[in-house]
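The values are calculated or read from the model by the stated rules, or taken from the named source; none is laboratory data. All values reported here derive from a predicted model rather than from experimental measurement. Every residue, glycine as well, gets a Cβ built from its backbone with ideal geometry; the counts of neighbours run over all protein chains shown. Just so you know, the surface numbers come from the protein's heavy atoms only, side chains and all, with ligands and any DNA or RNA stripped out. Shrake-Rupley method; radii C 1.70, N 1.55, O 1.52, S 1.80 Å.
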Amino acid sequence: MAEAVAKAKKQKAPRNLKPESMNKKVKLTAADHVFNICVNIFMILTLIVIFIPLWSTFALSFRSNTYLHSQFRGMFEVWTWVPDAYKALLGNAGFIDAFISSFMILIGGVVCALILTIPMAYVLSVHTLPGRKWINILIMIPYVFNVGMIPAYLLVKGIGLIGHIPAVFLPGAISTYNCIIMKQFFEGIPNDLKESARIDGCNEIQILFKIMLPLSKAIIMTVGLFYAVSFWNDFFHAMLYLSGTPVKIFGWNMIDSNYPLPILLRNILMASGMNEYVEVNAFGNAPVQAIKAASVFMSAIPMIIAYPFIQKYFTKGTLAGAVKG
Amino acid sequence: MKKTSQPVVTTTKSGLAVSQEAAAVYKARNKAKLGAEIKRHAGVYLLAIIPVAYYIVFKYVPIWNAQIAFKDFMARQGVLGSAWVGLANFKEFFNSFYFWSLIRNTVMYSVGKLLLSLPLSIILAIAIYECTRPILRKIVQTLAYLPHFLSWVIMYGILLALLAPGDGVVNDVIKAIRGTNVGFDFLTSTKAFPWVVLFSDAWKEMGWSAIIFIAALMGIDGSLFEAAMVEGANSWQRVWYITLPAIRPVIVTVLILKLGTILDAGFNQIFMLYSAPVYSVADIIDTWVYRSGLLEFKFGLATAVGLFKGVFGMLLVFLSNFISKKVSETGIF
């Protein structure tokens, strides 16, 4: 796998992804033409299939209260779109609170995760370390043996974290998988660099900060982004451990409810019948479906903004890890 | 260090006293060396303290807590105080009517997802690899990877916009074709629900799972294609006789490693999509553990089921890793 990645890196950008020699002019047979047409049709079909659900949700979020035609027509009649739903959401204190809570989980989570993952990965990458094997076993046992959610719930309950924001990110603050990816990167840094630093009188902690970290910006970004995605998208832990109580700083209510965005989104989406009016109509005069669709897009926006950066890294940084899926 | 001490003992077999003495010397020297090594790495151990403590608290305490699978857990008495009941929780699970339906649903969903998305992602990877229009390729690649980064809550919102019986886009089309006014509720129909699960998963993860195959495709030696072209093979034949055999090891590895996670059928997805009318076809082990444990407070029973899944899953991971190492010389550890 590593060879494949190395080879892929060496290649310049050709017209297609095949090796360059393949792009010489050759006489195409009828079968080749049919093949190329099929490939292009498949690509365009894939494009349509992926695009339509996203577009229909996007169109729905701009539906106005006075639009009476079917949603299918609404996808095309762009001139009837109004941003009422977005105005309603942005003017709603509950929605802003959920955003703040989500960001607190995101920042707390990523900071904790990196503070724990970087030293762990570095420790595991020091091959001369006596007892390294035991540390490796220590992290691999929970990785392959997962006892499920109830014992973890009892632990969080036992520590007294229930109802507090750290309960959402602490149980998942190290992903062993990310740790292994980072360790493999550290192992790839030439040992000579560390040796020469040692000769110059650096201790191990100085080596980590002065040699390893400056050389591993790419992997730290990648792993950090993967953590960020998982904390931003996490609704299960928030549902399990939070109960919508206010977050207070020195007695001052910073936000009225600590429910993050995914929980609020889930409540909005799940609302139906009587509930629909209680939960959703608080958001003003936009249609209920438009509010639902708009809140979907609002929660996806940070992810969509971050996506180009993530894409830049995941294709090179973690290809070897994609096996795990 | 062990390797250097061994030949000494064997070569001085003639004099036992000498060998023992030599061994003792080596042991002492090794000990001194080990001490020096530990001292030299003191900083590394210092770095390890916090993460190791984290692992012990957040990963090992839950394993310790899992003992309540063998207990009649009472919240007031705590994990240690509750009474042992042996295998009663496991027996209750194995003898219950939902046992087989949970196993069936779990395996059905994970195998179904594999059968649907593995061929799709291989075809997508080959199409991306063969596509001669760089702009089309770039757009497809960017769009196809995107859904992997959306959460299942967001996916549920998108599926609602698509499939809602009242005014979802799909139902608009169905109504127009059939000429009726009644929409079809995909998410509460026991017949349609499994397909919604399988296809929404394929939609979300197809591009992401194609990445590994694209990487493998880019490693194929170009001279193979040239030789085939000289021999007069057309594009279809090149795909069938060169491209597919070349990435076969990767396909096999992915397939086997997926086998190891067959009991993980996608908790987040099913939990978001399902509702009481479709529990019979939707419930997988994880969703059942959540409902019976945290909503009905049957902690012991739910932990027993989770533990059963954990042990079985671990065996599957070892098995798949073993097979994978045998077949394609790659494994996860």
What about A:I263, is it open to solvent by 30 Å² or more (accessible area, probe 1.4 Å) and modelled with pLDDT of 85 or more?
no
When segment A:76-94 is checked residue by residue, the ones that are within 14 Å of chain B (Cβ to nearest Cβ), under 22 Å from B:L159 (Cβ atoms) and either among the β-branched types (V, I, T) or open to solvent by 20 Å² or more (accessible area, probe 1.4 Å) (or both) are A:F76
Among residues of segment A:140-163 being within 23 Å of the chain's Cα centre (by Cα) and touching a residue at least 24 places away in the same chain (Cβ under 8 Å), the residue nearest to the other protein chains (Cβ to nearest Cβ) is A:P142
By my count, helices (runs of 4 or more DSSP H) wholly in segment B:203-293 with at least 3 residues that are in contact (Cβ under 8 Å) with a residue 24 or more places away in the chain and open to solvent by 10 Å² or more (accessible area, probe 1.4 Å) are B:244-259
So, first residue modelled with pLDDT of 85 or more in segment A:287-302, second residue of a type in the set (S, T, Y) and open to solvent by less than 10 Å² (accessible area, probe 1.4 Å), Cβ within less than 6 Å, six or more apart or across chains; the pairs are A:A290/A:S61; A:A293/A:T57; A:A293/A:S61; A:A294/A:S61; A:V296/A:T57; A:F297/A:S61
Going through segment B:294-308 in order, the residues found to be part of a helix (DSSP H, G or I) and either among the hydrophobic types (A, V, I, L, M, F, W, C) or facing another protein chain (nearest Cβ under 7 Å) (or both) are B:L294, B:L295, B:F299, B:L301, B:A302, B:T303, B:A304, B:V305, B:G306, B:L307, B:F308
Filter segment B:40-56 for residues that are within 7 Å of chain A (Cβ to nearest Cβ) and among the aromatic types (F, W, Y); the one that is surrounded by the most Cβ atoms within 10 Å (Cβ to Cβ) is B:Y55
Across segment B:131-147, the tally of residues that are in a helix (DSSP H, G or I) and open to solvent by less than 10 Å² (accessible area, probe 1.4 Å) stands at 4
Here is a check on your reading of the model: is B:F184 more than 8 Å from chain A (Cβ to nearest Cβ), hydrophobic (A, V, I, L, M, F, W, C), open to solvent by 40 Å² or more (accessible area, probe 1.4 Å) and not in a helix (DSSP H, G or I)?
yes
Restricted to segment B:148-168 and to residues being in contact (Cβ under 8 Å) with a residue 60 or more places away in the chain and either among the charged types (D, E, K, R) or more than 7 Å from every other protein chain (Cβ to nearest Cβ) (or both), the residue most open to solvent (accessible area, probe 1.4 Å) is B:H148
Checklist entry - Hey, any hits in segment B:81-95 for a residue that's modelled with pLDDT under 85, part of a helix (DSSP H, G or I) and either within 30 Å of A:Q289 (Cα to Cα) or of a type outside the set (K, R) (or both)? => result yes
Q | Residue check for A:S70: open to solvent by less than 30 Å² (accessible area, probe 1.4 Å) and of a type in the set (S, T, N, Q) | A | no
- Query: Does B:N105 satisfy being open to solvent by less than 40 Å² (accessible area, probe 1.4 Å) and within 12 Å of another protein chain (Cβ to nearest Cβ)?
  - Reply: no
| said: Is it the case, given these coordinates, that A:D97 is of a type in the set (D, E) and open to solvent by less than 40 Å² (accessible area, probe 1.4 Å)? | reply: yes
Residues in segment A:29-75 that are in contact with a helix residue (DSSP H, G or I) (Cβ under 8 Å, 6 or more places away or on another chain), more than 8 Å from chain B (Cβ to nearest Cβ) and at pLDDT below 80 total 2
Taking B:F193 as the residue in question, decide whether it is assigned by TED's automatic domain parsing to the domain that holds B:P249, of a type in the set (F, W, Y) and surrounded by fewer than 21 Cβ atoms within 10 Å (Cβ to Cβ).
no
Counting only residues in segment B:309-333 that are part of a helix (DSSP H, G or I) and either farther than 30 Å from B:L87 by Cβ or touching an Asp or Glu at 6+ places or on another chain (Cβ under 9 Å) (or both), the one modelled with the lowest pLDDT is identified as B:S328
When restricted to B:L114, B:L120, B:L124, the only residue in a helix (DSSP H, G or I), touching a Leu at 6+ places or on another chain (Cβ under 8 Å) and within 30 Å of B:L255 (Cβ to Cβ) is B:L114
Contact list, first residue from segment A:92-107 and in a loop (DSSP other than H, G, I, E, B), second anywhere and of a type in the set (G, A, S), beta-carbon distance below 8 Å, six or more apart or interchain, is A:N92/A:A282; A:N92/A:G284
